[in-house]
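Please read the structure below before turning to the comments.
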Amino acid sequence: MNSKIMELNKVEVWDGNMAATQAMRQADIDVVAAYPITPSTPVVENYATFHANGYIDGEFVMVESEHAAMSGCVGAAAAGGRVATATSSQGLALMVEVLYQASGMRLPMVLNIVNRALASPLNVNGDHSDLYLTRDSGWISLCTFSPQEVYDMNLCAFKIGEHMDVRLPVIVNQDGFLSSHTAQNIYPLQDKEACDFVGEYKPLNAMLDFSRPVTHGVQTEEDWHFEHKAKQHDALMNSTKVIAEVFAEFEKLSGRKYNFVESYKMEDAEIAIVVLGTTYESAQLAVDKMREEGIKAGVVAIRVFRPFPLKEVSDMLQNVKAVACMDRSAPGGSVGALYNEISGALFNSPARPLLSNIIYGLGGRDMTIGVLCDIYRDLDAEAKAGKLNGSIQRFVGVRGPELKYYKV
Amino acid sequence: MSKSIHDMGWDELVLGAAVHSFKEEIDYNPSQVLPENRDYAETNSKYKYVGDWRVFKPVWNTDLCIHCQFCWLYCPDTSILSREKKMIGFDYDHCKGCGICQEVCPTNPKSIIMFTEQTEEEEALNQWPEKKGSK
Amino acid sequence: MLEIRWHSRAGQGAVTGAKGLGSVVAETGKEVQAFAFYGSAKRGASMTAYNRIDDKKILNHEKYMNPDYVFILDPGLAYTDDITANATDETKYIITSHLSKDEVIAKIPALHGIEDRVFVLDCFTIAQETIGRAIPNTPMLGAFMKVSGMFELEYFQNAMKSVLSKLPQKIIDANMVAIERAYNEVH
Amino acid sequence: MSGNKEIKNLKAFSTAAERFEGSHVLCPGCAHSIIVREILNATNDNMVVSASTGCLEVCTAIYPHTSWDTSWIHIGFENSSTAIAGAEAMNKALRNKGRIPADEPEPKFVAFGGDGATYDIGFQWISGCFERGHNMMYVCLDNEVYANTGGQRSSSTPIGASATTSPAGSTSYGEKRNKKDMLQIMAAHGAPYVAQVAPNKWKDMAKKIQKGFDAEGPVYINAMSACTTEWKFDPADTITVSDLATDSLVFPLYEIIDGTELNITYRPKNIVAVRDYLAAQPRFKHLFTPKYEYLIDEWQKRVDAQWEYLQRREEARV
């Protein structure tokens, strides 16, 4: 634990960025190498302020780019200690090369991604383009839907990634501005409680352990590369066991329960949307309105985006007639990523609900309860008709003529 | 734990493709302990062989050598064995036959000369040239 | 659910004010939310900030809002911003201006006929004379306490003291005076 | 026994217990490994070494083997500097927290990169590390070409050299721009110590490495690394060509302390003509035609001017 303790109130009003930074402070990180970018900048600023006021015993290295931030994190993690950083959007795009190095070298660390659109055109607001950019990077990827969850998932992330059965880096996603700059009630743990939960960092193949000189970042060709990628994938897939354990332990400590897939009123739902990010919480209000109209709506959200909870999400959707997968990212010439994942999950299952793909909220375009209600009403009509209304993919909330693709 | 890495499947490998230089933990700094006293791991390139790269091999004439150590200094393949300030021979497992050692040898005639790989040492020593300019 | 929209210029402290109000209200056991619309615009640009206050957990992340209160922290924005956007028949407006209430309303057609829901005070002058800087956010909250009756003046002042606790004592004291003056001067 | 090795003479140096193993797969006659051995043998301290993608990296850490008896890491092409800076920061953190005992000797942090990684793609990362003042040594293995990928030009490739992406042809004499002056650039960062070294001048090099290890803060070493494959000379001639490089003053050996104090550390007794240096390397052979002879004269003038400049700087102490 850091030598200087910060007394926290039972209830704090923090935005998502402050929630991330507070969890990072409590986790007693050894090295943070970081570079600021909107909307994750306050994470870096807050951490610098904590450091400047003696609340951080570790090193804070303000580097010259996001690529260097992740490079420094990899070097520091390989040296043998706890490491974290934060970024968004273009910054993430710049550091992507090194994301693959971190996971390939099996170096645990935590990366807070405050989700934001990717240029061009330039946009500082939230969508999930950057989240999707990390899909195949081999990191565990956790999603949050509110500032409280950002805090909770950060604490869990260190514990999951550093577990000896896992040893993988972990991303914690939150929506730019909608979470990162939205202050809400947070019920934090006190410093000792949080630090004890995260636990002490256990080094493995550390470069600073000179009793066991180690070489990291070797060259492998067709003779060995496949085995190591297989081993890495196996660790990622089996991290579910540790994730479940950590979530259970966290529930005991905080009373807050987390699942691989979150849902609201899915027990008797006939139609559902699948979402990521803060839309999950807004959609619950839309679900309640729908229920008042007699429409049995539900909402499903992916908490653990990687490893993808294929079975859990499929089970969740077995009793619905129509599902809309909501992708908050320009799909780039195909269906959205979430649609792809969900259709893959459902294909081998008994139920084959109608499945459509909605592209929404790009560049921070507001997703209102009203629009969510409209989506549910359309889904309800499709469920009743027993077929999709003309196409698989459509855009909502964009000005101009209707955009629909993949006619059915 | 005697299983060779070459017989291992993906599940048995050290994660992250990390490679250890020594078999076990060491309680010394390698800069203080000569190679013959170290317990190298199978994965140290020390145990690899590149001798077959050679077309010409260096042969050493102990009668002429002044142990100046230039050959030791400039060998790119750590293949000149020196102990206690004296040249003691070649590490033919690691020598690629570049010929730098012959080139930097200051004696007249040279104490190290490159011969074709198949030349026997005795045969090579018999062919050793005379001192240049001695007549 | 109580909802507030702040019209401000970047740099006038709307975000800090919204978060401060959130902190004070959270202390009472209520759930709060404070956020803002940002672009890449710099200090002086028009921007909006928002508060939501409720008895139960706030799940709403839409930016869309039918505000119960609209705060206008800059006199110019009362004329240039669409301050009555998405308003209800009960929305109340608190406007910073050196003009009298009648003069303000006369200049803004959207406020005609709802005079009883418009409140005016000069946050700039109050802030300038008390804190020494034209930062209208704490006086606005003082006025809001009077208009809404959310908290007693003294309770609110004490709560704000802990929100501002990192500032020098002199500045905290000046803010207390500013809040009290605003509370008394809004009409 | 920690700290710099005491090196009185070559015989004493040869007692070093090597930490760089054979059966790496660098080309026969490669100067990289000569340089690496000289650096590793200059200190008794534990070392954390990084290498950027390049010849040294791909040839010394091919799974499942390593040629390094020290801690070692490679991340990418551009970031060996930042990789080692991260490790250095971790060392600091763990010592501050008492997780590494205070009485355990400090290791040395050394990053290696080729000229491609240094002059081109990794330039920003190196600059960042030096600005932040990490306690590390960055060594550029300068062979003036992307040797690892088959001889493409870098911004260290000198005028007139034929490289695969700046080839000499019927209308071109090859590379058109002279190499950038990395040493001056790194000195301008206010680095406590920067130096140019060559493996053939081993004692000069060992002294500079040890000075660098003793300095507090980031140290830059530009190491001339004659490339038998891309400079196209016989592998046995690595040291001979290196001698031509230092004795023609194409690679002058000097150091700059604290960004200002410049010392020339080697003055050849017999200065060799630049022409002789160029003639030893077929990458310049097209210059020895009537059409391009003038470039050789220009080379000589440039080297003379540089030597003049260095002597004036040395004298002026600014």
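The values are calculated or read from the model by the stated rules, or taken from the named source; none is laboratory data. No experiment lies behind these values; they were computed from the predicted model shown. As a convention, Cβ positions derive from the backbone with ideal geometry for all residues, glycine included, and neighbour counts pool all protein chains shown. Accessible surface areas use protein heavy atoms only, side chains included; no ligands, DNA or RNA. Shrake-Rupley method; radii C 1.70, N 1.55, O 1.52, S 1.80 Å.
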- Query: For region A:59-69, does any single residue satisfy the condition of being out of contact with any Cys (no Cβ under 7 Å at 6 or more places or on another chain) and more than 13 Å from chain D (Cβ to nearest Cβ)?
  - Reply: no
- Task: Quickly run through region C:155-169 and pick out the residues that are loosely packed, with under 15 Cβ neighbours inside 10 Å and in contact with an Asp or Glu (Cβ under 9 Å, 6 or more places away or on another chain).
- Result: C:Ser162
- Message: Regarding region C:132-146, can at least one residue be identified that is part of a loop (DSSP other than H, G, I, E, B), of a type outside the set (Lys, Arg) and crowded, with 23+ Cβ neighbours inside 10 Å?
- Response: yes
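Among the residues of region D:266-276, is there at least one that is aliphatic (A, V, I, L, M) and part of a helix (DSSP H, G or I)?
Scanning region D:266-276 turns up at least one residue that is aliphatic (A, V, I, L, M) and part of a helix (DSSP H, G or I).
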- Query: Are there any pairs, at least 6 apart or on different chains, whose C-beta atoms fall under 8 Å, with the first in region D:282-295 and in contact (Cβ under 8 Å) with a residue 60 or more places away in the chain and on the phi < 0 side of the Ramachandran plot and the second loosely packed, with under 11 Cβ neighbours inside 10 Å and among the hydroxyl-bearing types (Ser, Thr, Tyr), and if so, which?
  - Reply: none
- Item | Pairs with Cβ under 7 Å, 6+ apart, first in region A:317-332 and part of a loop (DSSP other than H, G, I, E, B), second of a type in the set (Ser, Thr, Tyr) | A:Gln318/A:Ser349; A:Arg328/A:Tyr360; A:Ser329/A:Ser129; A:Ser329/A:Tyr132; A:Ala330/A:Ser129
- Task: Quickly run through region A:130-147 and pick out the residues that are of a type outside the set (Val, Ile, Thr) and open to solvent by less than 20 Å² (accessible area, probe 1.4 Å).
- Result: A:Asp130, A:Leu131, A:Ser137, A:Gly138, A:Trp139, A:Ser141, A:Leu142, A:Cys143, A:Phe145, A:Ser146, A:Pro147
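Among the residues in region D:213-228, are any of a type in the set (D, E, K, R) and over 28 Å from D:Thr43 (Cα atoms)? Spell out the reasoning first.
Quick first cut of region D:213-228, residues of a type in the set (D, E, K, R) only: D:214, D:216.
In the following step, the residues that additionally are over 28 Å from D:Thr43 (Cα atoms) were identified as none.
Taking every residue of region D:213-228 in turn, none turns out to be of a type in the set (D, E, K, R) and over 28 Å from D:Thr43 (Cα atoms).
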- State all residues of region D:50-70 that are β-branched (Val, Ile, Thr), in contact with a Ser or Thr (Cβ under 6 Å, 6 or more places away or on another chain) and more than 7 Å from every other protein chain (Cβ to nearest Cβ); if no residue qualifies, say none. D:Thr60
- Only residues that are among the acidic types (Asp, Glu) and in contact (Cβ under 8 Å) with a residue 60 or more places away in the chain: list them for region D:2-41, please. D:Glu38
- All positions within region A:1-46 that are surrounded by 24 or more Cβ atoms within 10 Å (Cβ to Cβ), within 14 Å of chain D (Cβ to nearest Cβ) and over 11 Å from A:Ala86 (Cβ atoms): A:Ala27, A:Ile29, A:Asp30, A:Val31
- Within region C:27-68, restricting attention to residues that are more than 14 Å from A:Thr182 (Cα to Cα) and of a type in the set (Asp, Glu), which residue is farthest from the other protein chains (Cβ to nearest Cβ)? C:Asp68
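Looking only at region B:86-117, which residues are under 18 Å from the mean Cα position of the chain (by Cα) and assigned to a loop (DSSP other than H, G, I, E, B)?
Quick first cut of region B:86-117, residues under 18 Å from the mean Cα position of the chain (by Cα) only: B:86-105, B:111-117.
Once the filter is applied, which keeps residues that are under 18 Å from the mean Cα position of the chain (by Cα) and assigned to a loop (DSSP other than H, G, I, E, B), region B:86-117 yields B:Asp91, B:Tyr92, B:Asp93, B:His94, B:Cys95, B:Lys96, B:Gly97, B:Cys98, B:Gly99, B:Cys105, B:Ser111, B:Glu117.
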- Message: Can you pull out every residue in region A:204-247 that is at the interface with another protein chain (Cβ under 7 Å from one of its Cβ atoms), open to solvent by less than 20 Å² (accessible area, probe 1.4 Å) and β-branched (Val, Ile, Thr)?
- Response: A:Val214, A:Thr215
- Working only within region C:11-26, note down all residues that are open to solvent by 30 Å² or more (accessible area, probe 1.4 Å) and more than 9 Å from every other protein chain (Cβ to nearest Cβ). C:Gly11, C:Thr16
- Message: Restricting to region B:51-79, and then to whatever is aliphatic (A, V, I, L, M) and open to solvent by less than 10 Å² (accessible area, probe 1.4 Å), can you tell me which residue is nearest to the other protein chains (Cβ to nearest Cβ)?
- Response: B:Leu73
- Task: Of the numbered conditions (1) in contact (Cβ under 8 Å) with a residue 60 or more places away in the chain; (2) over 25 Å from D:Met224 (Cα atoms); (3) facing chain A (nearest Cβ under 9 Å), D:Gly86 fails exactly one; give the number of that condition.
- Result: (1)
- Query: Across region A:76-133, what is the total count of residues that are within 14 Å of chain B (Cβ to nearest Cβ) and not in a loop (DSSP other than H, G, I, E, B)?
  - Reply: 8
